[in-house]
Amino acid sequence: MKRIGVLTSGGDAPGMNATVRAVVRSALQNNMSVVGFKRGYNGVLMRSSVQTDDFTMLTARSVSDKIHRGGTFLMTARCLEFKERQYQEQAVKNLKLLGVEGLVCIGGDGTFHGANALRELGYPVIGVPGTIDNDLDYTEVTIGFDTALNTACDCVNKIRETSDSHERASIITVMGRNCGDIAVSTALACGAEICIIPEKPWTIEEIADQVRWGVLRGKRSMIMVFAEGAVNSLKSNVAEICASHESLSDISPRHLSSSQIAMMIEALSGHETRATVLGYTQRGGSPTAADRILASRLGAYAVHLLRDDQYGLAVGMRKGELIADPIETAMHGRTAANEELLSLITELS
């Protein structure tokens, strides 16, 4: 191949810039030019009135001073139209028109679904896992997870200190719509007493009991790490709980927030409970050394595969070694929780 493309799609993750840098510099070392597409698959569809809003030629200078930057300088966006075959076919035509012979797609499961659609049309693609959720089952770790974890841990440490001062319980919401990896790792690393994730059914009554018993054992603070998607695995009858406590009368069971869950835990446990949502702080910031190294290895490996005419693959890590699995299987998300870590959280709390 003489020319390849690269894009970042879906939610941004610290280390995406480091990945693009590795793709570009490795490609140049292998006598390939690189086209960077902006805003994910939107750039490949090339619908902007100004061409430079869709794509740009990338050079070694283009990716200078990028390895330590958070976010993605190519920008990112979701592209719902790309689910339709006519847009996928248009993308292939556009890529060929530019002389782009292969495409490196950096992102999560949605990005991989788009890449797999191009593969089905016979176009050479390589997927690189860039998502803080760490929710792709084929690889042990994704780019951005380590940074998001460290960010979450730093925030939880601060909240623990104020919780100790006020002798209260705190429920801290971290990202994780379908996968609780950030929550589990954060809980273990910060010594949290409770971890609530979407993969495991739970009830407010059980959590309130744990808080009450923690207080009785003399704990000055209780930390509960809550994955944002865990509301979907809640098995309590919220309407019944609210009906039995006047202080909960304004809560709507249809749209539960972590603050409302904290109110219910407080009502049932009798112990002051507060909620904090970490939100997009987990997506930002300079990537950790681990994420920079991972991004560099995976980005360069993606280029080496295209150079050797191997494609339709997703690169990743398993037992510390680089792997490349078929993208049609790699795009599936992780559905099972890490039982070992969950058990350890309980044992050490």
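The values are calculated or read from the model by the stated rules, or taken from the named source; none is laboratory data. Worth saying up front: this structure is predicted, and the values here are computed from it rather than measured. Please note: Cβ atoms are built from the backbone with ideal geometry, for glycine as well, and neighbour counts cover all protein chains shown.
What helices (runs of 4 or more DSSP H), lying completely within the stretch 284-349, carry at least 3 residues that are over 25 Å from THR186 (Cα atoms)?
289-307, 327-330
Across the stretch 26-36, which residue is surrounded by the most Cβ atoms within 10 Å (Cβ to Cβ) among those that are touching a helix residue (DSSP H, G or I) at 6+ places or on another chain (Cβ under 8 Å) and in contact (Cβ under 8 Å) with a residue 60 or more places away in the chain?
Only one residue tops the list, namely ALA27.
Would you check if there is a residue in the stretch 53-71 being charged (D, E, K, R) and under 22 Å from GLY312 (Cα atoms)? Explain how you work it out, then say what you get.
Quick first cut of the stretch 53-71, residues charged (D, E, K, R) only: 53-54, 61, 65-66, 69.
Restricting the remaining residues to those that are under 22 Å from GLY312 (Cα atoms) gives none.
Within the stretch 53-71 (the criterion being charged (D, E, K, R) and under 22 Å from GLY312 (Cα atoms)), the answer is no, since none of the residues qualifies.
So that you can scan it fast, the table gives a plain yes or no per residue for (1) over 15 Å from MET224 (Cβ atoms); (2) among the small types (Gly, Ala, Ser); (3) surrounded by fewer than 22 Cβ atoms within 10 Å (Cβ to Cβ); (4) in contact with a Cys (Cβ under 6 Å, 6 or more places away or on another chain):
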| position | (1), (2), (3), (4) |
| --- | --- |
| PRO129 | yes, no, no, no |
| PHE145 | yes, no, no, no |
| ARG177 | yes, no, yes, no |
| GLY180 | no, yes, no, no |
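Would you point out the residue of the stretch 182-213, among those that are more than 18 Å from ASN150 (Cα to Cα) and free of Cβ contacts under 8 Å to residues at least 40 places away in the same chain, that is surrounded by the fewest Cβ atoms within 10 Å (Cβ to Cβ)?
Once the filter is applied, the top-ranked residue is PRO201.
When you go through TYR301, TYR280 one by one, which is the residue that is without any contact (Cβ under 8 Å) to a residue 24 or more places away in the chain and in contact with a strand residue (DSSP E or B) (Cβ under 6 Å, 6 or more places away or on another chain)?
TYR301
Look through the stretch 260-276, keep the residues that are part of a helix (DSSP H, G or I) and aliphatic (A, V, I, L, M), and return whichever of them is nearest to ILE171 (Cα to Cα).
The residue in question is ALA262.
Residues in the stretch 130-159 that are over 22 Å from VAL23 (Cα atoms), in contact (Cβ under 8 Å) with a residue 60 or more places away in the chain and not acidic (Asp, Glu): how many?
So the count comes out to 7.
Condition check: closer than 30 Å to TYR280 by Cβ, surrounded by 24 or more Cβ atoms within 10 Å (Cβ to Cβ) and among the aliphatic types (A, V, I, L, M). Does LEU7 satisfy that? Before you say what the answer is, go through the steps one by one.
Details: closer than 30 Å to TYR280 by Cβ: yes; surrounded by 24 or more Cβ atoms within 10 Å (Cβ to Cβ): yes; among the aliphatic types (A, V, I, L, M): yes.
So LEU7 passes the test.
Enumerate the helices (runs of 4 or more DSSP H) found wholly within the stretch 152-259, keeping only those where 2 or more residues are closer than 17 Å to VAL277 by Cβ.
181-190
Residues to consider are SER349, SER244, SER252, SER269; find the one that is more than 22 Å from the chain's Cα centre (by Cα), among the small types (Gly, Ala, Ser), surrounded by 16 or more Cβ atoms within 10 Å (Cβ to Cβ) and in the same structural domain as ARG220 (by TED's automatic domain parsing).
SER269
Only one of (1) touching a residue at least 40 places away in the same chain (Cβ under 8 Å); (2) within 30 Å of VAL211 (Cβ to Cβ) is not met by ARG254, so which one is it?
With (1) touching a residue at least 40 places away in the same chain (Cβ under 8 Å); (2) within 30 Å of VAL211 (Cβ to Cβ) applied to ARG254, the lone miss is (1).
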